[in-house]
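What follows is one structure encoded as structure tokens, with my remarks underneath.
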Amino acid sequence: MKKYFIHRPAASFRVDYEKDLNPEQHAAVLHNAGPALVLAGAGAGKTRVVTYRVARLAESGVMPENILLLTFTNKAAREMMRRAEQLIGRNIAGLHGGTFHHIANLLLRQHYRLAGYKQGFSILDREDSRELFDACIAEVYKKDSVLPRGAVLAEINSLAKNTEEELGSVVTLRFPHFAEAADAICRIASLYEKKKIDLNLMDFDDLLVQWKKVFEENENIREYYSLKFKYILVDEYQDTNRLQADIIDLTARGHGNLMAVGDDAQSIYSFRGADFENILRFPQRYPEAAVYKLTTNYRSTPEILTLANRIISHNKNQFSKELHAVRQPGDRPGLVPLRDVFEEAEYVASMVMDMNSDGTAFDEISILYRSHYQSMQTQMEFQRRGIPFEIRSGLKFFEQAHIKDILSFLRIIVNPYDEISWKRILKLTRGIGNITASRIWDLLRVSNTPLDALAGASSLVPRKAVEGFNRFLELIGSLRDERYLSSPSAAIDYALRHGYEDHLYTTYPNAEMRIEDIEQMTRFALRYDSLETFLSDLALQGVAEAESGDAEAPEGKVVLSTVHQAKGLEWGTVFIIGMNDGRFPSAKSLRTDDEEEERRLFYVAATRAKEALFLCYPVSAEDWNNLGLLRPSRFIKELQPDSFEEITVEDV
């Protein structure tokens, strides 16, 4: 059996670890050496354990330069190092701490030749990468095509590298809209890789790819860094991808002094390439690993933790553990069925106002949801009532580019002299830029009937844009029909399905999320039977929002956020809205058998709450062409009835 040893200091420890840490934390921090997996439950003091572990190593005589601390933000690493320095009372500046990409950059600056690069290589940011892909598309394909644009290609290429999957497979499985163009995408990606080498450029993903390559192809270099980084700590290990896990294993080979800290129950980023199997199979890759479980939760009441434990208990693939509360008992979480999304928004807004009147600061309240589109009605209702709020899941609903695009199609039907909207939608056609859009507008603005004059603009359109412009003409012609003037919901849906949906897929990596936003707007527009009234109300809403300004309210602002963006945060009161099958869990996850990750996402949402938790779901929903019933989330149905208190609107 392999033996591991840790350095011992000449003097006694300065930090009182037994006093500062609970028994679970203490055991993990004082782990002697060799591999260890620390399963840190929500609110159980994960950051504290990592910080004290760094302090423990430094006090034990380990030189700071022999410690490697890998985190998912450089800020997190700096904060942990700062706290560790405060604990032991001396500088540990030699410690290598930061993101995988940060450490990779430092290493490759020394070994660029082994990676096939020249000295002084440049690093492409995301925008640079997108532009280089666009240049490759233009070089390979001279005519307009259905190929995705640079931003989408960069996303596909990045996902393939981080998951270590074939590019063609990633296209087929993750971007099926472009399955027929997989061969062309592979050719463009190959040109992109060649250009980077020729131009002495690396993108963010290359930093990790080349780090692994250098270690795999140069055993002496790998051994040097394995000896240098004698103790490795990895924070948020459940969020690592396959490439990162391989790098960690290569670096730790030989000494095995690797401490991976994370929570399998909070692994929710597979869409970014994170591999849940990394943490799940850690004990298989390191059979001698000690496993420590942090289950003492300092955040939530016992009632909230009971519900959270029951949520995650239904997952088969996990390390079993139960969170235990330190806080005093409180109220059971509330389960609130509501008529529809409008009543849901009204209920949440009323509760927020009542809580604030009773002394709860706005910034101690959060509204969480599975997908950004679910926040639309809540945003509108908060705005009407003057409740201060901030969006953590993106822009405010009507500030988003795709929402502005769709509304611009509708605006020129109602007001054909709207120059801003005309130029916006004209430039959505590939091959039409600022100059051509301005020429077309010059033709339209002098006409008494701009919509009729549009057909005469065909002669102004470049040859490569003719096909797309003809489709644009058909769309505008159809939207002029009386049935769309009296049904804004149907008009929005028509614009989406007749060209704009394809534009989203070719332009944005998150096209499906944007489509969900637009579909949500079609439901909101069902309240209107006039396109003009609908647009006027939205405009007035925007004016009211602008007049209210962004000044900080005395009690802060209510946070509206997706669960993904809320991970790591906490609030006194949390409302989780849209708890319906097909919404949470999402429809896509049900198609792709990702139910366990969705359940982990629900667990993360529930454990953000400290004192009060409300689960809300509408029982009916309208689309522009039908009315249907919504099922409560299967995750709610899994819970025992004593996990929550059912609340009706009349109770409030």
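Read the figures in this text as sums done on the coordinates, not as results from a lab. All of these numbers come straight from a predicted model, not from anything done at the bench. Cβ placement follows ideal geometry from the backbone for every residue including glycine, while neighbour counts extend to all protein chains displayed.
Annotations
- Counting only alpha carbon atoms, the long axis of helix 100-110 and the longest principal axis of the chain meet at about 70°.
- Kirkwood Rh in Å, taken over all unlike Cα pairs in segment 152-212: 11.9
- Label positions at residue 253 and residue 173, each projected 7 Å from the Cα along the C-beta direction, are separated by 2.5 nm.
- Distant alpha-carbon pairs in segment 63-103 (separation over 16 angstrom), percent: 29
- The overall shape of segment 11-95 is rounded: from the C-alpha gyration tensor, with semi-axes ordered a ≥ b ≥ c, the ratio a/c is less than 1.5.
- Inter-label distance, residue 458 to residue 197: 4.8 nm, where each label sits 7 Å from its Cα along the C-beta direction.
- Cα gyration tensor, segment 359-499 - rounded (a/c under 1.5), prolate or oblate: prolate
- Each Lys and Arg Cβ is given +1 and each Asp and Glu Cβ -1; about its Cα centre, segment 467-522 then shows a dipole of about 160 debye.
- With a Förster radius of 25 Å applied to the beta-carbon distance between residue 466 and residue 497, the computed FRET efficiency rounds to 0.65.
- Summed over qualifying helices (DSSP H, 4 residues or more, each -39500 (n - 2.57)) and divided by its residue number, the chain shows a 222 nm mean residue ellipticity of -14000 deg cm²/dmol.
- Computed about the Cα centre, the dipole magnitude for the chain is approximately 2500 debye when only Lys and Arg (+1) and Asp and Glu (-1) carry charge, each at its Cβ.
- Mean Cβ count within 10 Å, highest first, over the residues of peptides 452-462, 258-268: 258-268, 452-462
- Working note: Karplus 6.51/-1.76/1.60 with θ = phi - 60° gives segment 266-279 the couplings 10, 7, 9, 10, 4, 5, 8, x, 4, 10, 4, 5, 4, 7 Hz, where Gly and Pro are set to x.
- Packing, taken as the mean count of other beta carbons within 10 Å per residue, orders the peptides 495-504, 48-57 from highest to lowest as 48-57, 495-504.
- Cα-based shape type of segment 16-171, given that a ≥ b ≥ c are square roots of the gyration tensor eigenvalues and the cut on a/c is 1.5: prolate
- Residue-wise HN-Hα coupling along segment 346-362, computed from phi with Karplus coefficients 6.51, -1.76, 1.60 (Hz; x: Gly, Pro): 5, 4, 4, 4, 5, 5, 4, 5, 5, 4, 5, 5, 8, x, 7, 5, 4
- Crossing angle, helix 74-88 versus the chain [Cα axis fit, 0-90 degrees, rounded to tens]: 30
- Selected from 328, 398, 190, residue furthest toward positive end of dipole (the chain; charges at beta carbon): 190
- Only one residue of 250, 518, 414 has its Cα farthest out toward the positive end of the dipole of the chain, where Lys and Arg carry +1 and Asp and Glu -1 on Cβ, and that residue is 250.
- In this structure, residue 101 and residue 448 have a Cβ-Cβ separation that, at R0 = 56 Å, corresponds to a calculated FRET efficiency of about 0.45.
- In this label model, residue 478 and residue 420 are separated by 2.8 nm, measuring between points 7 Å along each Cα→Cβ vector.
- 25 °C / 0.890 mPa s Stokes-Einstein diffusion coefficient of the chain, Kirkwood radius on C-alpha pairs, µm²/s: 89
- Using the Cβ-Cβ distance between residue 109 and residue 82 with R0 set to 25 Å, the FRET efficiency works out to roughly 0.50.
- Nearest-20 debye value, segment 1-140 charge dipole, Cβ charges on Lys, Arg, Asp, Glu: 600
- Percentage of interatomic Cα-Cα distances in segment 344-415 larger than 21 Å: 35
- Cα-only Debye scattering, segment 85-150: base-10 log of I(q)/I(0) at q = 0.24 Å⁻¹: -1.03
- Look at the dipole of the chain built from charges on Cβ: of 159, 301, 436, the Cα furthest out on the positive end belongs to 159.
- For the peptides 172-183, 328-339, 115-126, residues were scored by their other Cβ atoms within 10 Å and the scores averaged per peptide; the highest-first order is 328-339, 172-183, 115-126.
- Stokes-Einstein D (µm²/s) once Rh is taken as the Kirkwood radius of segment 206-338 over alpha-carbon pairs, at 4 °C in 1.567 mPa s: 75
- Multiplying the residue separation of residue 510 and residue 17 by 0.36 nm and removing their Cα-Cα distance gives an extension gain of 172.9 nm.
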